[in-house]
Every structure is written in structure tokens, then in C-alpha cells.
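Note sheet for the following structure.
Any read-out appearing in this document is the output of simple, stated calculations on the displayed coordinates, not a laboratory observation. All values reported here derive from a predicted model rather than from experimental measurement. Virtual Cβ from ideal backbone geometry, glycine too; neighbours counted across all protein chains shown.
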Amino acid sequence: MRRVLRESIRVGMTLAQPVYGFNGQVILNSGVELTEFHISKIAELDVKYIYVEGEAQLIDPNDVAAQNAKNEIVLAAHQALDEIRVGKYVQTDIIKGKVLTLLDECCMHKEIQPLFTAMQNCNDYLFNHAVCGYFFAMMLGMSCGIEGHRLRDLGLGALLRDVGMITISRDILNKPGSLTPEEMAIVKLHTEKGFEILQRNPEISLASANCALQHHERYDGSGYPRGARESSIHEFAQMTALADVYSSMTANTPYRKALSVYDTLAIIAKTGAAYFNPELVKTFISNVAIFPLGAVVRLNNQAIGIVNDYEDELRTKPVVNITKNASGERINQTVTIDLETNPALYIAEVS
């Protein structure tokens with residue numbers, strides 16, 4: 001299967017994916033061999049591209065430099081995913097294979113590969129942050145029933161959401177201290193710069209490019225670059241924004257230490273209605289088991305216990321059966337850990 005821009009569509013091509021009308025109805029189904037009439041109908045619908053049967057343009061197997069670059073990118077992505085260390089919080093085995101397969105497919109495209117390389121060369125954090133956000137956006141997309149080429153578009157958009165950063169001065173990107181207001185304004189341009197870069201690439205859809213443009217927009221209109229709100233933010237960009245924030249908050253940076261998964265999701269749950277689509281927040285949190293049932297945990301007061309229930313639908317308030325107190329003595333006590341009402345007590349470690 002390969003993607004063909006509207007101006008390159010020819011009679012005799014066979015559709016690999018349906019063509020949809022303005023109301024979401026199928027106009028032309030997969031398997032249709034295109035005629036002049038079909039092509040004129042596609043033009044009337046203002047369809048930018050279609051998917052047809054046939055092989056996509058991949059890296060030339062004789063291009064050793066391109067093959068080596070592709071292998072290095074995929075290896076780095078594997079390592080970045082391993083460094084996320086979400087195994088105890090997310091059912092990674094269920095989707096990790098599919099996520100990496102799609103990533104490998106993306107890296108095989110000669111037109112897209114230089115963008116990955118440029119991000120990787122910018123700095124390690126940028127690339128690892130890209131892969132981490134990609135992973136969680138894909139997790140969210142799969143949970144929302146997104147499949148096929150739409151899932152690929154979401155993944156590609158999430159992975160390349162920060163590609164505009166490659167246009168920002170390294171002095172600003174790698175500055176050890178706080179940025180000045182002027183420098184921050186320059187950094188914020190990465191959303192529009194990224195959109196422009198992705199739009200110039202025929203292998204990248206508008207939906208993917210919108211992830212770069214809108215991943216800092218917020219549901220209440222408080223984001224940038226355009227102050228878009230609610231449904232005016234593309235659904236893929238909404239998912240990418242949520243994954244981007246989660247990835248940022250749970251990563252160590254030169255400016256601050258990573259927040260725990262518990263603290264991060266508690267903050268997202270509390271502010272989610274303002275910044276993100278509330279339904280996406282619920283779906284996201286339901287997939288990230290902060291403290292899985294049966295997990296052995298150590299509280300900040302050194303008591304040991306087992307998670308056996310939750311006090312809320314989003315599972316941010318675990319009920320813990322304490323089995324040992326701070327002195328190591330066996331006890332039987334049930335405690336509900338609620339960050340909002342009992343901030344002095346929290347789970348410090350999950351084993």
C-alpha cells in the first residue's frame with residue numbers, strides 16, 4: 001500500500017483504503033479500480049491523497065548509508081522505550097510490538113528518515129521525549145479504536161511533533177538556565193515551524209502535521225500558537241498533547257527531576273477538564289495503572305502495604321492494606337492514599 005497525492009492519481013490504480021465523503025460516508029470502497037469519473041469525484045471532494053495498492057517508496061537496499069541510519073534510529077527508539085520503564089504501570093507487551101513495527105515502517109521511508117536523524121542529532125532528550133510521547137499517543141489511539149493508516153498518521157504526528165525544534169538555535173535548546181521571554185517566544189515557534197516542515201513532505205498527512213502545529217493547544221483555549229479550543233483542535237493533536245505532557249512530567253530534565261507516575265496523573269486528572277478533552281483524560285488514566293492491584297508499595301513513612309482497591313474511577317486514590325509499619329512490625333490496617341486530602345502521605349516506591 002502506498003499514499004498518492006491527488007495530482008498524481010492515475011486511471012487504473014486500485015484503492016487500498018476507502019475514500020470518504022464530507023459526512024463520513026464511504027464514496028469509493030477499497031478494491032475499486034479508478035476511472036476518470038472516480039478521479040473527478042475525488043477532486044470534487046477535495047481529497048488531498050488516497051491509498052492505493054502497491055509498494056511504498058522505501059529505502060534502496062543498496063543504499064548502505066541510509067540502511068545504517070535507519071537501523072540506528074530504530075535501535076535508539078527501542079532503547080528510549082526501555083528507558084521509559086513503564087512496565088509496571090502499562091501493559092506494554094500488548095502494544096509494544098505493534099508500536100515498534102509501525103515505527104520501523106516510518107523509518108523505512110527515505111523522505112521521512114532525515115527528520116528523525118535531525119531530531120536525534122539535536123539532543124538525546126528531544127529524541128527520547130519524541131519516542132516516549134509517541135508510545136503513549138499510540139496507546140491512547142489504540143484504546144480509542146484508531147486503526148490502519150489513521151493509527152500510522154497519529155503515530156507519525158506524535159513522533160515528529162517537535163521536529164520544529166531543529167530550526168531553533170542550539171544555544172537556546174541547550175541553555176542550562178531559564179530562558180528569557182524572548183528566547184521562550186522563539187521556542188514556541190517550533191509548532192508552526194514543525195507544521196511547515198511536515199506539510200512539505202508528501203509522505204506526511206495533514207492530520208500528522210496538525211500534531212506538530214497543535215500539540216501545545218489546550219482545551220480551554222489557553223494554549224498556543226493560535227489559542228484553539230475544544231473541537232477546533234484536531235483529535236490526533238489532542239491525543240498527542242496529552243501524551244506530550246505526560247512524557248514531559250515523568251522525565252528528568254536539566255531543570256527539574258521527574259515527577260512520579262502517581263503525582264503526574266493526579267495533576268492531569270485535576271487539571272484535565274481545562275487543558276484536555278475530559279474523555280481522553282479518562283481513557284488515558286485508565287490505561288496507565290498507577291498502582292496495579294496487588295502491587296506491593298512502600299509509603300513515605302516507610303510502611304509497607306498492598307494495593308487492593310481504588311476509591312475513584314480514575315484509580316488515583318488507591319486503597320492500601322498496610323502489612324508492616326515503619327519499624328517492620330506486622331500490622332493489619334487499611335489506608336486510602338488521596339493526594340488531595342492527605343498530601344503528607346504518599347506512595348514512594350512500587351515493587
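Figures for the structure shown
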read-out: Pairs of alpha carbons in the range 296-350 whose separation is greater than 15 Å (percent); value: 41
read-out: Helical contribution to [θ] at 222 nm, DSSP H n ≥ 4, -39,500 (n - 2.57), averaged over the chain, rounded to 500; value: -14000 deg cm²/dmol
read-out: Space enclosed by the convex hull of the alpha-carbon atoms of the range 281-324, per residue, Å³; value: 65
read-out: Spatial separation of Cα centroids for the range 189-239 and the range 109-157, in angstrom; value: 14
read-out: Order of LEU179, LEU242 - criterion: other Cβ atoms within 10 Å of each residue's Cβ, fewest first; value: LEU179, LEU242
read-out: The chain: most fluctuating residue of GLY145, GLY164, GLY133 per GNM, C-alpha cutoff 10 Å; value: GLY145
read-out: Trypsin sites (Lys or Arg not before Pro) within the range 156-255: DSSP coil, no more than 13 neighbouring Cβ in 10 Å; value: ARG200
read-out: Additional length obtainable on full extension of the chain from ASP63 to GLU182, 0.36 nm per residue less Cα span; value: 38.6 nm
read-out: Among HIS38, HIS109, HIS234, residue whose mean-square fluctuation peaks in a GNM of the chain (springs only between Cα atoms under 10 Å); value: HIS38
read-out: Tail weight of P(r) past 28 Å, computed on alpha-carbon pairs of the chain, percent; value: 50
read-out: For the chain, the longest site-free run once chymotrypsin sites (Phe, Trp or Tyr not before Pro) in DSSP loop states with at most 10 other Cβ atoms within 10 Å are removed; value: 23-254
read-out: Least to most buried among ASP263, ASP162 (fewest other Cβ within 10 Å first); value: ASP263, ASP162
read-out: Long-range amide H partners of ILE331 with built H, under 5 Å; value: LYS324, ASN325
read-out: For THR336, distant residues with modelled amide H under 5 Å away; value: VAL320
read-out: Mean Cα-pair separation over length for the chain, i.e. relative contact order, pairs under 8 Å, 6 or more apart, %; value: 11
read-out: Karplus (6.51, -1.76, 1.60) ³J(HN,Hα), θ = phi - 60°, over the range 26-33, in Hz, Gly and Pro reported as x; value: 6, 8, 10, 8, 4, x, 6, 8
read-out: Excluding exposed DSSP-loop GluC sites (Glu not before Pro) (at most 14 other C-beta within 10 Å), longest clean stretch of the chain; value: 148-310
read-out: Entries in LYS110/LYS282; LYS188/LYS257; LYS110/LYS193; LYS48/LYS110 that, when Cα-Cα distance is taken, lie over 29 Å; value: LYS110/LYS282
read-out: For the range 175-222, the Rg and Dmax computed from alpha carbons only, in angstrom; value: 13.2, 38
read-out: The range 2-52: C-alpha gyration tensor shape, a/c 1.5 cut-off, then a/b vs b/c; value: rounded
